[in-house]
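One structure is given below, encoded as structure tokens.
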Amino acid sequence: MMKILLKLIGVVCAMAASTATVPMEAQEIEAHESSRKPATMYVSKLGDNSDGSSWVRAFHTIQRALDAVPDDQGGHRIILRPDTYVEANLAPAHKGALGVYNVLIGDCDGSLGSGAKGWVLIDSGDPEMGFKSWDWWSSIRASDKNWHGGNNQETFSSIIWDRWTIRNLYVTGGDAGLFWDLTNKSGEGFTVVIEDCVGIGRAFGGGVVYPTVRPDEPSVFRGCYFLALDWNGDTAAVLL
């Protein structure tokens, strides 16, 4: 019994000594990280469109939820109620982070509390919303002043979607479905994870151009279906 007690005392002393060697700055950082709580936001046309903090207070549009992503520390979630969302040129306020990707997910089976089942359909083709069959009017925002025509009033890169995961979306009605054009940020590191989605577009159903692939963080398209509707020129179901 005495030997067991001495061993336990030794373990406690060793733990205390180990803790004592951790610099105060590191302890403060660890405490801050452990207390941080990533945001979860909800999108539903049945919500009151206030702050997106619950299904009752849900935003009415996906873009408003993307605008509300609070920081680039990652781990934030946007949960979408099954419905049709007529939106285009979507872009979040912030990227995700290494090891803690942000998530945009459709509650297709109702398991996340939406009370509905079915597809989250994003329709980017409404002419009253400005649709034009040119480079580049799509579900994912991208534009470039160097393009000869079309959407060239400003340069905007899809790289803002870096380290996002997207699940359970049906995206159609634009030049591309789930497609990221890095424009002036081409050649930089970029990763997205797309799971259980459908992407349909005039030129491309899905894809990423033109990133530098991270060896330990490749982009992933898993369990998806992609379709391009055009036959001529620069078109493909998936372009990588």
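The values are calculated or read from the model by the stated rules, or taken from the named source; none is laboratory data. Only a predicted model underlies this, so the values are computations on that prediction, with no experimental measurement involved. Glycine also receives a Cβ, built like all others from the backbone with ideal geometry; neighbour counts cover every protein chain displayed.
Taken together, 52, 74, 125, 110 contain a single residue that is in contact (Cβ under 8 Å) with a residue 60 or more places away in the chain and either not in a loop (DSSP other than H, G, I, E, B) or not polar (S, T, N, Q) (or both), which is 74.
Take the conditions (1) within 19 Å of the chain's Cα centre (by Cα); (2) more than 20 Å from residue 96 (Cβ to Cβ); (3) aromatic (Phe, Trp, Tyr); residue 231 misses just one of them, which is (1).
Residues to consider are 238, 198, 209; find the one that is among the β-branched types (Val, Ile, Thr) and over 28 Å from residue 109 (Cβ atoms).
Working: 238 fails: over 28 Å from residue 109 (Cβ atoms); 198 fails: over 28 Å from residue 109 (Cβ atoms).
After applying the criteria, what remains is 209.
Just checking, how many residues over the range 210-228 are within 19 Å of the chain's Cα centre (by Cα) and assigned to a strand (DSSP E or B)?
Total meeting the criteria: 8.
Cβ-Cβ distance below 6 Å, separation of 6 or more or different chains: which pairs start in the range 57-68 with a residue that is outside any loop (DSSP other than H, G, I, E, B) and end on one that is surrounded by fewer than 18 Cβ atoms within 10 Å (Cβ to Cβ) and of a type in the set (A, V, I, L, M)? Between residues of the range 57-68 that are outside any loop (DSSP other than H, G, I, E, B) and residues that are surrounded by fewer than 18 Cβ atoms within 10 Å (Cβ to Cβ) and of a type in the set (A, V, I, L, M), the close pairs are 67/93. Among residues that are of a type in the set (S, T, N, Q) and surrounded by fewer than 16 Cβ atoms within 10 Å (Cβ to Cβ), residue 212 is included.
The number of residues in the range 139-158 that are touching a helix residue (DSSP H, G or I) at 6+ places or on another chain (Cβ under 9 Å) and touching a residue at least 40 places away in the same chain (Cβ under 8 Å) comes to 7. Residue-level check: of (1) surrounded by fewer than 19 Cβ atoms within 10 Å (Cβ to Cβ); (2) within 24 Å of residue 99 (Cα to Cα), residue 184 misses just (2). Taking the numbered list (1) exposed (fewer than 14 other Cβ atoms within 10 Å of the Cβ); (2) closer than 20 Å to residue 195 by Cα; (3) among the acidic types (Asp, Glu) in turn, residue 107 passes all entries but (1).
The residues of the range 188-221 that are among the aromatic types (Phe, Trp, Tyr) and either touching a Cys at 6+ places or on another chain (Cβ under 7 Å) or within 18 Å of residue 236 (Cα to Cα) (or both), listed by number, are 204, 210, 221.
Scanning the range 138-152 for residues that are at pLDDT below 85 and under 17 Å from residue 90 (Cα atoms) yields a total of 4. Going by the structure shown, is residue 194 in a strand (DSSP E or B) and more than 15 Å from residue 164 (Cβ to Cβ)? No: the conditions fail for residue 194.
Among the listed residues 116, 97, 88, identify the single one that is in contact (Cβ under 8 Å) with a residue 60 or more places away in the chain and farther than 20 Å from residue 219 by Cα.
Details: 116 fails: in contact (Cβ under 8 Å) with a residue 60 or more places away in the chain; 97 fails: farther than 20 Å from residue 219 by Cα.
Selected residue: 88, the only one of 116, 97, 88 that is in contact (Cβ under 8 Å) with a residue 60 or more places away in the chain and farther than 20 Å from residue 219 by Cα.
Restricting to the range 117-127, and then to whatever is within 15 Å of residue 61 (Cβ to Cβ) and not aliphatic (A, V, I, L, M), can you tell me which residue is modelled with the lowest pLDDT? Write out each step before concluding.
Within the range 117-127, the subset within 15 Å of residue 61 (Cβ to Cβ) is 120-124, 126.
Add one more test, that the residue is not aliphatic (A, V, I, L, M), and what stays is 123-124, 126.
Values: 123: 96, 124: 93, 126: 85.
For the range 117-127, the residue satisfying everything is 126.
Quick one: how many residues across the range 84-107 are part of a strand (DSSP E or B) and farther than 17 Å from residue 119 by Cα? Can you show your working first?
Narrowing the range 84-107 to residues part of a strand (DSSP E or B): 84-85, 90, 97, 100, 102-106.
Restricting the remaining residues to those that are farther than 17 Å from residue 119 by Cα gives 90, 97, 100, 102.
Qualifying residue count, the range 84-107: 4.
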